[in-house]
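K.L.:
Please see the structure below; I have some questions.
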């Protein structure tokens, strides 16, 4: 898994660096986060920390607020109150949301969300625009990432011709394209068979172990929960540790 | 893949739609090219008369709707010839009539034989008509070829039969599609005794052209001197109307093309809402999404413009062979028209795709990804 976090030639984002606090040792810090949709309180004063280099699974019944929490961490949504820090960056008050999504986190969706008309390599390279890399560098980086996730022979394949596991691994490669320190995954193995789910989880494990990447996945999937080194359970909008450190 | 490559890739992925949109732009560009060339060419034909016989300026009746309706008395023309600084003045009667179904608008010029040389007429075959003959005519060589008449042949126009005494060319292209009669003959046929349509003035050596023209304007308030295309509106509103028609046609073409681009871009936007949401969530800036949507529209529009240029050229060729335009429409291809076509394509792409592009850029990534 070498060089996964070192996209050569990528520029440092000074605006984002100015927002980073060196005082927060956690990869993710969530404090008293509340999110309401109308009269429904989906998250009710949720607080937790995620240590760097850990693999955390957030579980809970449908409608418990797992995906809402992930969206808040990814700055795709805003909490009504509370604070969220990812890599020391205050996500709630951040103005450079696009830069944050591009540089700090990698998002993996349940339905992979690949562009069907583009090849695997092109899908991964799509995440590398606006990074200062040239077309050749983007391609080389995308091919390298696909090799790292075990898809060296599927670089030119388009999503409709790939299996569910292959597509999800392409999505993981895309999430890794900008060398994020945090991967946020929404049911990444939910629609995969055992072999495919196993390969994606192996990948997360390798990222955590070899690169120190923090992985936070929300999931119903017991296969994923069993591989995580920490499990958080959401119920009634509140979070309670159910195991692990 | 470069960003430009991605744009081309996206366009190619929806070929049929791109072709149909390109066609809408092509039709718009065709209209711009054809109308623009037609307008320019008709202007050239109309203002070409100013260059007859290398005249310094033309004299016509002020404020007529068409130069052909101008009437000046031969007495006034004689007085114009005596204005200080005028070296030579020639009066000519110009009338339009139908020769046959294929030549519904033939320009007839009434001119004294001794004025032919200063008028720029060069006899190619045969001889000139005589001043007092009432059954002789000369033909511009283009018209002679078109109606298949030569020296010695007879032709009938407006119920009168004439014998062709010669063929000629002039220094202006549409003059070669005219027929020429002795001045009194044409004046008699059109009940215009003692009148001409236009006067052509050459100033005396050393005289100031503008000063002489001003002197004529002052001395003859019913007349106007025309030295350039910009003066043309003083005596003929036709060019103003032609230009207005061109502008109107261009606007209509732009509306059609913009509608095509807008329709396609909106359809594409609705189909790709989820994709735009994903792109925003993986760090694409709003600016880049706008550039992507606009870029796709520009590529399609430019391809359409290229096709439209060829269609425009074909349309001009078709117009050229229309009987109603024969003799007065000689295509003048101007680089400016082609430049305007490119501006048109860019403008259509920008205006047509801006709204979908902005909508795509300002989508909430979360809402977009929830769309099926």
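Any read-out appearing in this document is the output of simple, stated calculations on the displayed coordinates, not a laboratory observation. Bear in mind that the values here come from a model prediction, so they are computed numbers and not experimental data. Cβ sites come from the backbone with ideal geometry, for glycine too, and all protein chains shown count toward neighbours.
K.L.:
Hey, can you rank B:134-142, B:338-346 by average C-beta count inside 10 Å, highest first?
P.N.:
Taking the mean over residues of other Cβ atoms within 10 Å, the ranking is B:134-142, B:338-346.
K.L.:
Follow-up question, since we're still on this one. Given the DSSP H assignment, sum -39500 (n - 2.57) over each helix run of at least 4 residues in chain B and divide by its residue total; what's the result at 222 nm in deg cm²/dmol, nearest 500?
P.N.:
Counting only the DSSP helices, I get -17000 deg cm²/dmol.
K.L.:
Counting pairs of alpha carbon atoms under 8 Å apart in space and at least six apart in sequence, what relative contact order in percent does the stretch B:57-226 give?
P.N.:
With pairs under 8 Å counted, the relative contact order is 36 percent.
K.L.:
Which percent, to the nearest 5, of DSSP beta bridges fully inside the stretch A:14-244 are antiparallel?
P.N.:
Around 55 percent of the beta bridges assigned by DSSP in the stretch A:14-244 are antiparallel ones.
K.L.:
Using only DSSP helix segments of four residues or longer, with each worth -39500 (n - 2.57), what per-residue ellipticity at 222 nm results for chain A after dividing by its residue count and rounding to 500?
P.N.:
Using -39500 (n - 2.57) per qualifying helix, the result is -8500 deg cm²/dmol.
K.L.:
Hey, what did chain B get for relative contact order, percent, Cα under 8 Å, at least 6 apart?
P.N.:
30
K.L.:
Given the C-alpha centroids of the stretch A:133-170 and the stretch B:128-194, what is the distance between them in whole angstrom?
P.N.:
Result: 80 Å between the Cα centres.
K.L.:
Also, I was wondering about something else. Find the relative contact order for chain A and round it to a whole percent, using C-alpha pairs within less than 8 Å whose residues are 6+ positions apart.
P.N.:
Here the relative contact order equals 29 percent.
K.L.:
With a Förster radius of 22 Å, plug the Cβ-Cβ distance of residue B:15 and residue B:358 into 1/(1 + (r/R0)^6) and report the FRET value to the nearest 0.05.
P.N.:
0.30
K.L.:
Round to a whole angstrom and tell me the spacing of the C-alpha centers of the stretch A:42-70 and the stretch A:198-227.
P.N.:
Their Cα centres are 15 Å away from one another.
K.L.:
Can I ask one more? Please average, across the residues of A:65-75, the number of beta carbons from any other chain that are within 10 Å of each residue's own beta carbon, and give a whole number.
P.N.:
Mean partner-chain Cβ count within 10 Å for A:65-75: 1.
K.L.:
Determine, for each peptide in B:71-81, B:279-289, the mean count of other beta carbons within 10 angstrom over its residues, then list the peptides with the highest first.
P.N.:
Listed from highest to lowest mean packing, they are B:279-289, B:71-81.
K.L.:
In cubic angstrom, how much convex hull volume per residue do the alpha carbon atoms of the stretch B:57-226 span?
P.N.:
Taking the convex hull of the Cα positions in the stretch B:57-226, it is 112 Å³ per residue.
K.L.:
Taking only Cα atoms and a 10 Å spring cutoff, compute GNM fluctuations for chain B and point out the largest among B:221, B:113, B:356.
P.N.:
Ranking B:221, B:113, B:356 by mean-square fluctuation puts B:221 first.
K.L.:
Mind checking B:282-292 for the average number of partner chain beta-carbons within 10 Å of each residue's beta-carbon?
P.N.:
Neighbouring Cβ atoms belonging to other protein chains average 5 per residue here.
K.L.:
Can you pull the one-decimal nm distance between simple spin-label points at residue B:88 and residue A:24, each 7 Å off the Cα toward Cβ?
P.N.:
Computed distance between label sites residue B:88 and residue A:24 equals 9.4 nm.
K.L.:
Additional query: Given a 10 angstrom Cα cut-off, can you work out which residue in A:172, A:41, A:149 is the most mobile in a GNM of chain A?
P.N.:
Result for chain A, Cα springs under 10 Å: A:41 fluctuates most.
K.L.:
Hey, rough spin-label estimate for residue A:163 and residue B:62, points 7 angstrom out along Cα→Cβ, what's it come to in nanometres?
P.N.:
Here the answer is 9.3 nm between the modelled labels.
K.L.:
Antiparallel as a % of all DSSP beta bridges within the protein assembly as shown, to the nearest 5?
P.N.:
So the antiparallel bridges amount to about 70 percent of the total.
K.L.:
Just counting partner chain Cβ atoms within 10 Å, what average do the residues of peptide B:4-16 show around their Cβ?
P.N.:
2
K.L.:
How far apart, in nm, are two points set 7 Å out from the Cα along the Cα-to-Cβ line at residue B:334 and at residue A:229?
P.N.:
Computed distance between label sites residue B:334 and residue A:229 equals 7.6 nm.
K.L.:
Among B:105, B:336, B:206, determine the one that fluctuates most according to a GNM of chain B built with springs between C-alpha atoms less than 10 Å apart.
P.N.:
The residue that fluctuates most here is B:206.
K.L.:
Rounded to the nearest 0.05, what FRET efficiency do residue B:148 and residue B:286 have when you use their Cβ-Cβ distance and R0 = 51 Å?
P.N.:
0.15
K.L.:
With both partners inside chain B, how many of the DSSP beta bridges are antiparallel, as a percent to the nearest 5?
P.N.:
Antiparallel: roughly 80 percent of the beta bridges in chain B.
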